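Student: Have a look at this one before I ask anything.
Values quoted throughout were computed directly from the atomic coordinates according to the rules given, and no laboratory measurement underlies them. Bear in mind the structure is a predicted one, so any value in this text is a computation, not a measurement. Neighbour counts are summed over all protein chains in view; Cβ atoms, including those assigned to glycine, are modelled from backbone coordinates with ideal geometry.
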Amino acid sequence: MKRCHFSRLNLGLAAAALACAFPGPLRAGTGYLENGDFEEGALKPWDWFAAGGAKASGELDTQEKHSGESSYRIHNESPLEPNVYGQLRQYAYALKANTTYVITAWVKGNEARGAQLALGPGWKIIERLPNGTFDWTEVRKEFTTGDAPERYDVVFISGSTTEALWIDDVKIQEAGEKSASVYEPSLWSGVPASAKFYPIFQTSSAKEAPVLALRSTDKPLFGGDIQITCDRNSVFFKIRVFQPSAVRGTAGAGMWNSDSVQLAIDAGAPQTTGGSVNTYYELGFTMASPTEAATHAWDGNFDWSTAKTHGNLTKEGYDLTLEIPWRSLGYPAPPASFGLNIVINHKGDDNARHFVEWTPGTAKVKNRDVFARAIPATGGASIVQDLSLDHRRYTPGQIIHGRWAAYSREGASLKKMRLGVFSPDKTKVWSSDWMDMPQMAADTTQTANFSLPVELLGPDGDYEIRLQEEDGRTEAAAPFRVENLEKRIAAETARIDARTAKAEELWSSMPEKRDDAYLGLGFSVIHHFMQRLANPGEGSSPEWRMLQVEELGRVLDSIERRLAAGNPTVVLPPIDPAPVSARDGVLLAKRGDATTPAYFYGYGHFSTVAKDIPLLAKLGANLIQQEEGPRALDKNGQLAGSCSSLFSVFQTAAASNVKIDFLLAPHYFPESALEEFGDLRLGKSTGFIKFNIDHPAARKIVGDWIAAIVPPLATSPALLSVCLSNEPTYSESGRDAYSRKDWVLYLERKHGSVAALNALYGTAYTAFDEVPTPAISSEKSNPRAYYDWIRFNQQHFAAWHQWLNDRVKAAAPQVLTHAKIMTDIFDRQKLSRGIDPELICNITDLAGNDSYAWPNPYGNYAYNWRQVAMWYDLLHSFKGQPVFNSENHLVLDGSPPESISPEHSRCVLWQGAIHHLAASATWVWEKPTAPDLIGSIYMRPANIFSMGEAMLDLARLSKEVAGISDMKAEVALLYSVPSLYWDEKYPEILASAYTALTFMGHPVTFISEAQLIEGRRSPANENISVIISPGARHVSDGVNEALVQFQKKGGSLLTVGEGNLQYDEYDRPRALNRELTKAAHLSWKKGQDERLGARLRAALGDSLAPIPSLSDASGKPAWGLEYRALKGDGYYLVAITNFLNKPKVVSLPFDGPATDLITSAAVNPREISIDPLQYMLLRISMR
């Protein structure tokens, strides 16, 4: 890894470089560190040592390197323990006394944990290395030597379990030295994944396309080989997937959690398609049958009718061939380049998702900036080159990191080249000297990394870095922008300060608006973030502070508009501290002299949200979530002193009129108990619960915790509710001595005799206690036995929640309870996790959950509204309970410093309330001290302001919103766990029917198999006159007879999709009752929801009560907008929300005057303009 070093000699626009032929004579760290690039072929003068018996090893690695031929790879199997670690060390001998230096190193990790760089005597200078799985990342640490630096320690420490940590290009230089570095190139056979580059040759070429090999580091190994070609019309993908077990694919939005391939495409410059701006597409592919591939689009207005997809199973896995027209990606012809990422997902034997992805920009975090570049070759080119940078915008003080890559198809001798940076007027502002490029053999790739300090360039502006030949031709180029963010932040902050002072002066002169809640909200956001900008802390990079100051400008825009407008002043009396009750699907609380519906919305979940309670009350919030678990008990089972801080939080909340949802957190289990009882710790766990829930010790410890903590908290006026468990999952029911008897008893009750079970399973057991619990993911071997265990596990885990609930009620009968369950029920691959939401909701007072509503600015719909609304309506259908999302994810973890539409945050909260969401704690009000906290709502002032607006809207319009959400549904969709297990299309047809009904203006609910069989109804489905079976082919005994009785009592049955109701819960065919064969039937086709809506509208006809129609500009029924029309005494109350990524003009059949209660603006019902994600609540006079 030789480096050429280039320093800027002229601070003007033109800059020359120090002469340095390539490869040059300088080695990494010469003079301070030796062999910092690990290119000597041996480790010396570094040495490796495993201390304290650590199972840690290290070796030179020629397969993975930042540059040159090798790096150093560390593997560690020892968990974090004091004085147990592996170390890579050498001494720097030539450092000067009392001098400041900078050490840099490039590191890459695969499930790396607990690594750090230690420097100097006693290793007192520490820089923590990144955790997790990450690509090559530069680590920098500034340090100052002491009086005697003759032998200065440089140590890389691995202190915890790590699959792999690679280290390369370690260098020490004096602080303040500004030089560019071009690292020695690396040569590769084929196209390595690490190059983040792929040359796309023409399909007409006689040679095979290069193979991109993606391989996991998991054992057993899985992955895929990808080849990509193109012609003038389309791009073609040939993907061969290898995996160690049978293929298990799941169709629909949950495809990513099964054996599947995700293809993410960044189309670069915005392309307009169908009225929506698309630059990003994320497509999914899995095997629906041995010869049929299922598809799904998560993002982008992608037209599947233009694409061709084929798949087939192989002995090793499956093959996919894809043809995607350029025009379907917004390109009229092949582009010069585009961003590309590929993820191969595998559902392991542990039933967990495993994946390997080309770049870390899709599987966990969506980040197009790190995508690989795909380069369509032009003409007969045999060499394809690319130049890419790590960011698109830089600020002084930063370093531009880039990579050049070239692929030679035939073999070539490259000419001399150099890097140059050019300003917009084509002036060269920096360049390297000419570099002699090595010879390239056929089917090889050459890559070289480079680093360039921003200070070597000119003033702020747009630049381009080019790789040029001697004749001046540019072989590859990459644009970027330099902007002094600190200078701009200071200027913008000053402007915000001045505008704020002027707005506050105006506000103080308007006594009629002095107590306006919306103005108070806006100014509170301004003051809070201005204080944070003045005292930047952890996570406050220039990019984040720039975003925040820009968003504060938008908040001020709203304040100034409100000050100038004639909006009535909104003053909201505080909620009375009396206990809150649940009734008719809403929460009721006293506000002033009246008991009214109340919406408790706020934030979670850790220490910062507790500290900021008084602030949050000013931001519209009236709820937070806090947590503590049985680890807070002392050895005598009494509350430890650490709980005093929790009680203080409750006191602060009560004084601020803020409620607290308390999470019991049984997963915070004492480690000492797990050590004491050998059979208490679970061997494997898919979630937070690491202990055997049936173990007597677990029951005692958790029971003691509930008995100790709930009574004192129940006396606080701040307590709203108790959350029993956090994202609960459990897959161990029946697998241990404590629950084995329950499994046997379940089988006895279910089947009656061993002979009946054997006939069903195809087995020859002689007694029920011989029947094993099926292994996770063993449904292929005996799907009927596995189904039995799925249902038993769900019931057994629900029984544990019943036990938790009983303990809480014994300690405080009046306390409202819920559990933070996830949306796993719609994903067949997650049915083994033990949650049937109906069973949990039947136990608790509130329908608790944890779900997400992430923005989607690239698709047809602006966010995943359907997944959220359908989930809330399902939960509400079981008992008519208020819904509580106590971990409401509005922002994807790890989101970059880019603005997210404030309308998204506002709309998600409002729409939640329309769908029975009575309480919500948004994830997460916490400083960004961990990867899953970066980019959260805490960092985003515009979104905090918009959420506060929604909270205030719900507070002042709570009666109207409750009236809309309580509208009784006439149509119910059949909820069937057997169909979720057996029928892959059932979730998709269910979602299609739900979408169609929603856009028809009808409230939608569900009816479960249990409700049908037992003849029960909830307040949610007590008025239904139509039941739709949406592809429910498998149903339990008793369902069909209940449907016949429903028909005989005047109800209507409608089926969508083929084969409804024709199999029992064990996949045995059954003859349909004659009455059921008379049910109206509609066919279903994937991706044709709007057509299904038209057919449903015609089929339902007079079965439903007439409602006012919402029409688009052409007079057709509007699509993409949810609306509800509630008739009052002489008026209609109409709620409308636009889910589309484009504005719409719609009309209602009314001529009376109308007012939007959100804005107080007059509205013409015949011509309503509504922007993306805008919600309206119209009061239309009928007089």
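Student: Determine, for D266, D225, the number of other Cβ atoms within 10 Å of each Cβ, and report the residues in order from fewest to most. Before the final figure, lay out the partial values.
Tutor: Numbers: D266 22, D225 15.
Listing D266, D225 from fewest to most nearby Cβ atoms yields D225, D266.
Student: May I pose another question? For the chain, take the longest principal axis of its alpha carbons; what is the angle in degrees between that and the long axis of helix 643-655, to the nearest 10 within 0 to 90?
Tutor: 70 degrees
Student: Take the alpha-carbon centre of the stretch 879-901, take the same for the stretch 581-643, and report the distance between them in whole Å.
Tutor: Spelled out, the Cα-based centre of one part sits 18 Å from the other.
Student: What is the Cα centroid distance between the stretch 1008-1022 and the stretch 178-220, reported in whole angstrom?
Tutor: 58 Å
Student: What are the ³J(HN,Hα) couplings of the stretch 907-914, residue after residue, when phi is run through the Karplus curve with 6.51, -1.76, 1.60 and θ = phi - 60°? Round to Hz, x for glycine and proline.
Tutor: Karplus-based 3J(HN,Hα) across the stretch 907-914 equals 5, 4, 5, 4, 5, x, 4, 4 Hz.
Student: Now a separate question. For the stretch 223-241 and the stretch 318-381, what is the separation of their Cα centres, given in Å?
Tutor: Spelled out, the Cα-based centre of one part sits 10 Å from the other.
Student: Also, I was wondering about something else. How would E512, E64 line up from fewest to most surrounding beta-carbon atoms within 10 angstrom? Kindly include the intermediate steps, with their values, before the conclusion.
Tutor: On the way: E512 8, E64 16.
Fewest-to-most ranking of E512, E64: E512, E64.
Student: D299's amide H: which non-local residues (gap 5+, or another chain) put their own amide H closer than 5 Å, with H modeled 1.01 Å from N in plane and none for Pro or chain starts?
Tutor: Excluding prolines and chain starts, which carry no amide H, the hits are E282.
Student: Taking loop as defined by DSSP and a crowding limit of 11 other beta carbons within 10 Å, which trypsin sites (Lys or Arg not before Pro) in the stretch 1064-1163 fit?
Tutor: Details: sites: R1070, R1074, K1078, K1085, K1086, R1091, R1095, R1097, R1124, K1127, K1144; in loops: R1070, K1078, K1085, K1086.
Sparse-neighbourhood loop trypsin sites (Lys or Arg not before Pro): K1078, K1085.
Student: Any chance you could give the angle, 0 to 90 degrees and rounded to 10, that helix 740-751 forms with the longest Cα principal axis of the chain?
Tutor: So the inclination is approximately 50 degrees.
Student: Using the eigenvalues of the Cα gyration tensor, what equivalent ellipsoid semi-axes result for the stretch 497-549 when each is taken as the square root of five times the eigenvalue, whole Å, largest first? Write out the running numbers ahead of the final one.
Tutor: Details: eigenvalues 147, 23, 12 Å².
Listed largest to smallest, the semi-axes of the stretch 497-549 are 27, 11, 8 Å.
Student: Per residue of the stretch 392-404, what does 6.51 cos²θ - 1.76 cosθ + 1.60 with θ = phi - 60° give for ³J(HN,Hα)? Whole Hz please, x for Gly and Pro, Karplus curve as stated.
Tutor: Once θ is set to phi - 60°, the couplings for the stretch 392-404 become 9, 9, 9, 10, x, x, 8, 10, 7, 9, x, 8, 9 Hz.
Student: Next question. Give the angle, between 0 and 90 degrees and rounded to the nearest 10, that separates the Cα long axis of helix 941-956 from the longest principal axis of the Cα atoms of the chain.
Tutor: Rounded to the nearest ten degrees, it is 10.
Student: So which of K618/K659; K315/K830; K108/K196; K684/K820 end up more than 23 Å apart by C-alpha? Mind showing how you got there, number by number?
Tutor: Values: K618/K659 14 Å; K315/K830 26 Å; K108/K196 15 Å; K684/K820 21 Å.
Result: K315/K830 exceed 23 Å.
Student: Let me ask you something else. Could you give each residue of the stretch 1012-1024 its phi-based ³J(HN,Hα) in whole Hz, using Karplus coefficients 6.51, -1.76, 1.60 with θ = phi - 60°, and x for Gly or Pro?
Tutor: Result, ordered by residue: 5, 5, 8, x, 9, 9, 10, x, 6, 10, 6, 10, 6 Hz.
Student: Based on Cα positions only, what radius of gyration and what Dmax would you give for the stretch 314-369, in angstroms?
Tutor: For the stretch 314-369, the Cα-based Rg and Dmax read 15.1, 45 Å.
Student: Which loop-located GluC sites (Glu not before Pro) does the stretch 850-930 contain, where loop means any DSSP state but H, G, I, E or B and the Cβ has at most 13 other Cβ atoms within 10 Å?
Tutor: Values: sites: E887, E898, E903, E926; in loops: E898, E926.
Sites meeting the loop and neighbour criteria: E898.
Student: Next question, about the same structure. For E138 and S1160, calculate 0.36 nm times their separation in residues minus their Cα-Cα distance, and state this gained length in nm to one decimal. Walk me through the intermediate numbers first.
Tutor: On the way: separation 1022, 0.36 × 1022 = 367.92 nm, distance 5.36 nm.
That pair, E138 and S1160, stretches by 362.6 nm at full extension.
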